[in-house]
1. Kindly indicate whether Gln163 is part of a helix (DSSP H, G or I) and closer than 30 Å to Glu111 by Cα.
2. Kindly list the number of the only condition in (1) free of Cβ contacts under 8 Å to residues at least 60 places away in the same chain; (2) not in a helix (DSSP H, G or I) that fails for Arg110.
3. Would you point out which residue out of Ser133, Ser149, Ser99 is under 24 Å from Gly26 (Cα atoms), of a type in the set (Ser, Thr, Tyr) and open to solvent by 30 Å² or more (accessible area, probe 1.4 Å)?
4. Has the stretch 197-210 got any residue that is of a type outside the set (D, E, K, R) and touching a helix residue (DSSP H, G or I) at 6+ places or on another chain (Cβ under 8 Å)?
5. Every residue in the stretch 213-250 that is small (Gly, Ala, Ser), assigned to a loop (DSSP other than H, G, I, E, B) and either open to solvent by less than 70 Å² (accessible area, probe 1.4 Å) or touching a helix residue (DSSP H, G or I) at 6+ places or on another chain (Cβ under 7 Å) (or both), please.
Amino acid sequence: MGRPALQAMSDSSNDLVTDLLIIGSGAGGLSCALQAAKAGLSVLLLTNAEDPSESNSDRAQGGIVARPPGDTAEALAADIAAAGDGLCHPEAVRLLAESVPDVVDRFLIRELGVQFDRGPDGTLDYTQEAAHSIRRIVHADDATGHAISQPLLAAARAHPQVQIMPQQSAVDLITTPHHALDPLTVYHDIECLGAYVLERPSGTVRRVFAPCTVLATGGLGQLYLHTTNSRVARGDGLAMAYRAGAAIIN
């Protein structure tokens with residue numbers, strides 16, 4: 001098992017250390033936290049929101065792609081590639097297309113109990129959206145994101161290896177050589193060691209150290225005058241990743 005999710009560093013009572021730091025409490029961050037916790041890691045998940053349920057994932061409406069009888073990973077991948085007009089990353093498309101049954105059937109339906117709409121005979125109600133060539137979208141009325149996000153959040157809260165902290169604003173990633181005391185680290189590859197985090201209620205800035213950090217902060221809808229994005233979709237994660245030297249594409 002991993003160390004407890006919150007553990008004070010020996011040199012500072014304000015520092016925290018965890019096996020995995022996740023920034024963002026949408027579907028991506030929550031599902032990542034659950035899978036890591038099941039693997040034995042301690043997970044600290046931070047969100048800028050006062051309520052961890054506030055995310056773009058929770059507001060998503062239409063549905064999620066599934067695998068109806070007769071469908072194949074190859075057919076789904078072809079539809080995705082066509083919709084992306086040749087710009088989709090082939091490996092990402094392949095991974096998504098092949099993972100659908102495991103993610104939707106095993107994880108969302110059987111493990112989390114997500115209540116997707118069903119027909120009179122009890123089978124899933126598949127609908128058709130966007131560039132899909134067949135009906136392969138499962139949904140929960142027109143609030144599919146909420147139907148998925150709530151069980152995800154409940155499962156993460158219930159797991160002893162996951163600690164969720166709201167009202168935490170990530171300020172910047174801790175990286176070398178940018179934050180290193182040794183000037184010779186400029187010759188090394190960039191390495192992420194965690195993040196500087198502002199605890200808004202107290203105004204305290206602390207260091208959170210982790211061997212692995214996941215940015216699951218969503219998009220940047222709030223940069224626009226009009227948006228249906230949640231209030232926490234401000235592009236913070238993209239900005240931190242860019243400053244750390246990550247490539248920002250698509």
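The values are calculated or read from the model by the stated rules, or taken from the named source; none is laboratory data. Only a predicted model underlies this, so the values are computations on that prediction, with no experimental measurement involved. In this analysis, Cβ positions are derived from the backbone assuming ideal geometry, glycine residues included, and neighbour counts consider all displayed protein chains. Ligands, DNA and RNA are stripped out before the accessible areas are found, and what is left, the full protein with its side chains, is counted by its heavy atoms. Shrake-Rupley method; radii C 1.70, N 1.55, O 1.52, S 1.80 Å.
1. no
2. (2)
3. Residue meeting the stated conditions: Ser99.
4. No, because not a single residue in the stretch 197-210 is of a type outside the set (D, E, K, R) and touching a helix residue (DSSP H, G or I) at 6+ places or on another chain (Cβ under 8 Å).
5. Scanning the stretch 213-250 gives Ala216, Gly218, Gly219, Ser230, Ala233, Gly235, Gly245, Ala246.
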